[in-house]
2 protein chains.
Amino acid sequence: MAPKTYDSSLPPIPSTDFDPGLPQSHSSHNSEPDCPFCHISAVYPPYNPADPPPSTSPVLNPELTSPQPSTFIILSTPHLVAFLDIMPLSIGHILLCPRPHRPKLTDVSPAESAELGRYLRILSAAVVRATGVGDWNVVQNNGAAAAQVVPHMHFHVIPRPELRDKRSERFTATMFGRGQRDDLDEEEAAGLAERVRRAVAEVVREDEGKPKL
Amino acid sequence: MAPKTYDSSLPPIPSTDFDPGLPQSHSSHNSEPDCPFCHISAVYPPYNPADPPPSTSPVLNPELTSPQPSTFIILSTPHLVAFLDIMPLSIGHILLCPRPHRPKLTDVSPAESAELGRYLRILSAAVVRATGVGDWNVVQNNGAAAAQVVPHMHFHVIPRPELRDKRSERFTATMFGRGQRDDLDEEEAAGLAERVRRAVAEVVREDEGKPKL
């Protein structure tokens, strides 16, 4: 029996073409009143990732989430938001989540899941460029037994600098929510977020020049 | 200043339409001679995930990778393969990787990254259905400092049954490659892989009925 084959074409790469005429979609999604990630989604409007606003722009003001902790936005599209983790395991630890409230990975739409995959690669490349750290983990926890804390699904992108043994053990132990994590240094965070946003823009623009398969 | 907005449309959902007239693409990709995942990619041809072959089909024969360990295929598309981890952290622990040799997540193409994201959701839903375990981790390690062992990028999907404290600690310690992991029970594995493949087919067919956003 000849092995079966099927359509080998991949879906087209989404364009980042900027269309200021479209309505903002970020306020029309379903949202949970007490969810910190829904709060972030509600107050930070989408921008073109290939051309991010300057860090002084009011649309990136870290204090828009006040009195909740400051938010350092890395990416804000109509469907996704990414920002620095407020208790980073390493410098450059970021979170990527869908803008609407989706408790687990199985709650996102098929189109959102593809968009998450696309930006996981882009954000990984950007974090490597911005931190100079070439190794990293991607982690996504679903449910209390899997150490999910905020019930709005999110991917962690966590740079892994070479650490001496003791720090490395602590790193692994804290990866799933146990042990000590440091608070984000807000002054460092502003500069870091700016560097990562610029690196995201570079990667997105480079991708636009690539063949579409 | 009015906040900027941009094109809010998501890319179209790829179709799983089966086209037996297209050539097999799985043998034309770049491949590393000593890479176990390239070996798996080379010997298992793509099939339509919405209509998987029966478990008795020669295209799913677990011994095609002999003398390397048996392979229990969960998914085989022109661009991706997924299979049971040979040293599972829990029942239903699977790996998803691009068919071509890509060392890290940043080495996949934009289109492959979207396809990985799309199937991460589908495989997660399928593993939940096949195992009855509703919590799980998704983990993807890049580089030696991040505990990557096989240098062909792969996502882990790892069910997290509720465990008593001691087993839970061992689970977390072994998540990044330390501590004991059990070998796959090959008899159980065959039945499990069959159940997951059928669940993947269910999810893919259900997705085809969903609005395309």
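The values are calculated or read from the model by the stated rules, or taken from the named source; none is laboratory data. This structure is a prediction, so every number in the text was calculated from the model and none was measured. So basically every Cβ, Gly included, is an ideal-geometry build from the backbone, and we count neighbours across all protein chains shown. The protein model used for the area step is the full one, side chains on, heavy atoms only, and it has no ligands, DNA or RNA in it. Shrake-Rupley method; radii C 1.70, N 1.55, O 1.52, S 1.80 Å.
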Rounded, prolate or oblate: which one fits the stretch B:28-138, using the alpha carbon gyration tensor with axes a ≥ b ≥ c (rounded when a/c is under 1.5, else prolate when a/b beats b/c, else oblate)?
rounded
Rounded to the nearest 10 Å², what accessible area does B:Ile74 have for a 1.4 Å probe in the complete protein model?
0 Å²
Buried accessible area for the B:A pair, summed, 1.4 Å probe, in Å² rounded to 100?
6400 Å²
With label points built 7 Å along Cα→Cβ from the Cα atoms of A:Glu206 and B:Glu187, find their separation and express it in nm.
5.2 nm
Give me the tail of P(r) for the stretch A:36-208 as a percent: Cα-Cα pairs with distance above 20 Å.
50 percent
Ignoring ligands, DNA and RNA, what percent of the accessible area of the stretch B:36-208 is carbon or sulfur (1.4 Å)?
51 percent
For B:Asp135, B:Asp34, A:Asp182, what's the largest-to-smallest order of accessible area, 1.4 Å probe?
B:Asp34, A:Asp182, B:Asp135
Using a 1.4 angstrom probe on the protein heavy atoms only, could you order A:Glu202, B:Glu194 from most to least accessible area?
A:Glu202, B:Glu194
Mind scanning A:Lys104/A:Lys210; B:Lys104/B:Lys210; A:Lys104/B:Lys104 and naming the pairs with a C-alpha gap bigger than 28 Å?
A:Lys104/A:Lys210; B:Lys104/B:Lys210
Taking Cα pairs under 8 Å and at least six residues apart, what relative contact order does the stretch B:36-208 come out at, in percent?
27 percent
